[in-house]
Amino acid sequence: MTEDITAHLKEFAVLQGADLVGVADLRRLEGIRTIPADLLTPYTHGVVFGVHFPFDVFEPIIDAPTALYSRQQTTANNLLDHIGFRVQQRLSSQGHRAQALPASLVVDKQDWWPNLPTKAVARAAGLGWMGKNLLIINPRYGARVRYAVVLTDAPLTPDQPMPFRCGNCTKCVEACPVEAIKGAAWEEHPADRETALFFDRCLGKLKDDFAVRPEIGQPICGICIKACPWTNPRRL
Ligand code: B12
Ligand code: SF4
Ligand code: SF4
């Protein structure tokens, strides 16, 4: 029965445009910082969906993001927000609680913190592992996927997280223009973002350099997305 509800919900999300869908048991996120602090209290599961970019969008990215990538990131965010809204409507009309979280909303502007770190939910939902570049690495698309979440109390069947598969690879570490990626490894996730990154170096590059370029206009990069061998479909 819960399998049926879950399968139908996943099919619905795919019909709305999702390429990947997973369900996280929110008990796996115990201790994570949320805004507000009691955000997760009414909910038991997080439905996570992802939309991918073709590798072509990243191929021209050498040492800076492109105007095409910037525009497509906005399109992906809009699509994710649309899918989230529709999944939320469906769950709600079936009598369940549901709260869609947007693809890209920074709530604590000092600390660059969202309502809920999406990657933690995507990892718990089995959509990928947290790579050394602190991105979710999906076995099919690598890091060229954006994600969003709907929180719900619907009785769904959760997916299982996958193991860390970066191994000895250091491609993202070598590619980062500001040497922000430390190359650390972990079993599930780093204790905090400083374990993985020199955070200020990454943020500084995106905010004070890329985002102020007129053709970019937002803090994006794409270099450590492209560098990951799992991102490139022609790697084999
Ligand atoms: C603010 C923000 C930024 C800021 C700050 C980044 C940061 N890491 O905090 C800046 C502008 C620098 C940035 C940069 C980038 N971002 Co950004 N960003 C966000 C945003 C809005 C919030 C990130 C966040 O939660 N920060 C808080 C930190 C601490 O959380 P975290 O990075 O997820 O890592 C922690 C947890 O996940 C934790 N964890 C995992 N499981 C568990 C379980 C438990 C119990 C606990 C306690 C913790 C835990 O482990 C990590 C350390 O604690 C998210 C969207 C969202 N709502 O989540 C997008 C998001 C993370 N960004 C994304 C992307 C793609 C990028 C960039 C590549 C830029 C670009 N678009 O080209 C770079 C990558 C930088 C990097 N190597 O990390 C994507 C990642 C997709 C993916 N495949 O992983 C996201 C998810 C947006 C989306 N809708 O898809 N970003
Ligand atoms: S987003 Fe860019 S600056 Fe930040 S870690 Fe990745 S490659 Fe480095
Ligand atoms: S480039 Fe290598 S080390 Fe970095 S995230 Fe991808 S597999 Fe992991």
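The values are calculated or read from the model by the stated rules, or taken from the named source; none is laboratory data. All of these numbers come straight from a predicted model, not from anything done at the bench. Heads up, the Cβs are rebuilt from the backbone with ideal geometry, glycines too, and the neighbour counts pull from every protein chain shown. We work out accessible area using only protein heavy atoms, side chains counted, and drop any ligands, DNA or RNA first. Shrake-Rupley method; radii C 1.70, N 1.55, O 1.52, S 1.80 Å.
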Among the residues listed as Leu101, Leu134, Leu105, the single one being surrounded by fewer than 20 Cβ atoms within 10 Å (Cβ to Cβ), modelled with pLDDT of 95 or more and within 15 Å of the chain's Cα centre (by Cα)
Leu105
Out of Ala180, Ala175, report the one residue that is under 22 Å from Pro60 (Cβ atoms) and in contact with a strand residue (DSSP E or B) (Cβ under 6 Å, 6 or more places away or on another chain).
Ala180
Scanning the range 181-236 for residues that are closer than 14 Å to Ser70 by Cβ and among the small types (Gly, Ala, Ser), which turns out nearest to ligand 3 (Cβ to nearest atom)?
Gly222
For the range 80-99, give me each residue that is of a type in the set (D, E, K, R) and over 11 Å from Phe12 (Cα atoms).
Asp81, Arg97
Options Arg27, Arg33: the member that is among the basic types (Lys, Arg) and over 17 Å from the mean Cα position of the chain (by Cα):
Arg27
Of the conditions (1) in a strand (DSSP E or B); (2) more than 25 Å from Val87 (Cα to Cα), Cys166 satisfies every one except a single condition; which number is it?
(1)
May I ask you to verify whether Ser104 is within 18 Å of Ile220 (Cβ to Cβ), among the small types (Gly, Ala, Ser) and within 8 Å of ligand 1 (Cβ to nearest atom)?
yes
Check Ala13 against each of (1) open to solvent by 40 Å² or more (accessible area, probe 1.4 Å); (2) in contact with a strand residue (DSSP E or B) (Cβ under 9 Å, 6 or more places away or on another chain) and name the one condition it does not meet.
(1)
Checking Thr152 against (1) open to solvent by 30 Å² or more (accessible area, probe 1.4 Å); (2) touching a Phe, Trp or Tyr at 6+ places or on another chain (Cβ under 8 Å), which test does it fail?
(1)
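Quick grid of which residues meet (1) open to solvent by less than 30 Å² (accessible area, probe 1.4 Å); (2) not aliphatic (A, V, I, L, M):
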position: Leu197; (1), (2): yes, no
position: Arg201; (1), (2): no, yes
position: Ala211; (1), (2): yes, no
position: Glu215; (1), (2): no, yes
position: Gln218; (1), (2): no, yes
position: Cys221; (1), (2): yes, yes
position: Cys224; (1), (2): no, yes
position: Trp230; (1), (2): no, yes
position: Arg234; (1), (2): no, yes
Assess whether Pro161 counts as being away from ligand 3 (no atom under 13 Å from the Cβ), under 17 Å from the mean Cα position of the chain (by Cα) and open to solvent by 20 Å² or more (accessible area, probe 1.4 Å).
yes
Would the range 166-188 turn up any residue that is open to solvent by 50 Å² or more (accessible area, probe 1.4 Å) and near ligand 1 (Cβ under 8 Å from one of its atoms)?
yes
Phe198 passes all but one of (1) within 17 Å of the chain's Cα centre (by Cα); (2) without any contact (Cβ under 8 Å) to a residue 60 or more places away in the chain; which number fails?
(1)
Scan the range 37-68 for residues that are open to solvent by 70 Å² or more (accessible area, probe 1.4 Å) and either touching a Leu at 6+ places or on another chain (Cβ under 7 Å) or assigned to a loop (DSSP other than H, G, I, E, B) (or both) and report the count.
7
Just checking, does the range 209-221 include any residue being part of a strand (DSSP E or B), at negative phi and within 11 Å of ligand 2 (Cβ to nearest atom)?
no
